[in-house]
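Presented below is the structure to which this report refers.
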Amino acid sequence: MRLWAIAFLGLALTAASPDADTFKTGDWKGRANFNGEGTFTDCTILLPNPEHTTLGFVLTHGSDLGMIVADPALHLKPGQHKPVLVHVEGHDSYAAIADVVADNGVLIPLDTAGPLADAIGEGKEFRVTIREKEFVLQRPETGDALTALKACVESHRGKNRVEL
């Protein structure tokens, strides 16, 4: 999870990246992330909304999936863990412990092959409860974003990048 936190912060704070490491689908923006040694770690995709809730996903080279939820209404302490509840109508609610990756954002672990991730990818409305705040989310082209995220991981798996 800490790796995902670093990837999220890297995506949010890095202004420039080689074109080969970035991708876009609809309004979603993504990139491949590398550790300090230049080894590929994961891909991240976000649908930014600075005034409201930003939604994003991280997929590691080992196929671990995480959902990023960031909102100015959240006031959290990075490095902590918070209980979250994710609910999609017609599915069992999913309780998890999220990593607080920013003062306004968390990273929630998801099962890549689970029905919850499938329902979110199909564009169904879902709710995320964090610290007594509930966010109702339904973002366009989420399925396309998840497909692009998987393609990013597949195209970068095993690659290294050396900064010059």
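Computed quantities for the displayed model
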item	result
Close pairs from the stretch 109-133: first over 21 Å from HIS81 (Cβ atoms) and crowded, with 17+ Cβ neighbours inside 10 Å, partner at pLDDT 85 or above and aromatic (Phe, Trp, Tyr), Cβ under 6 Å, at least 6 apart	ILE120/PHE126
Extreme residue, surrounded by the fewest Cβ atoms within 10 Å (Cβ to Cβ), among residues of the stretch 3-45 that are hydrophobic (A, V, I, L, M, F, W, C) and either closer than 15 Å to ALA151 by Cα or modelled with pLDDT of 70 or more (or both)	ALA20
Strands (runs of 3 or more DSSP E) contained entirely in the stretch 56-112, each with at least 3 residues that are touching a Ser or Thr at 6+ places or on another chain (Cβ under 9 Å), within 23 Å of GLY123 (Cβ to Cβ) and not charged (D, E, K, R)	65-70, 81-88
Verdict on VAL153 being touching a Pro at 6+ places or on another chain (Cβ under 7 Å) and either farther than 24 Å from PHE40 by Cβ or in contact (Cβ under 8 Å) with a residue 24 or more places away in the chain (or both)	no
Some residue of the stretch 125-138 being in contact with a Lys or Arg (Cβ under 7 Å, 6 or more places away or on another chain) and either under 30 Å from GLY38 (Cβ atoms) or small (Gly, Ala, Ser) (or both)	no
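The values are calculated or read from the model by the stated rules, or taken from the named source; none is laboratory data. These numbers were taken from a predicted model, which means no experiment stands behind them. Methodologically, a virtual Cβ is constructed for each residue, glycine included, from the backbone with ideal geometry; neighbour enumeration extends over all protein chains shown.
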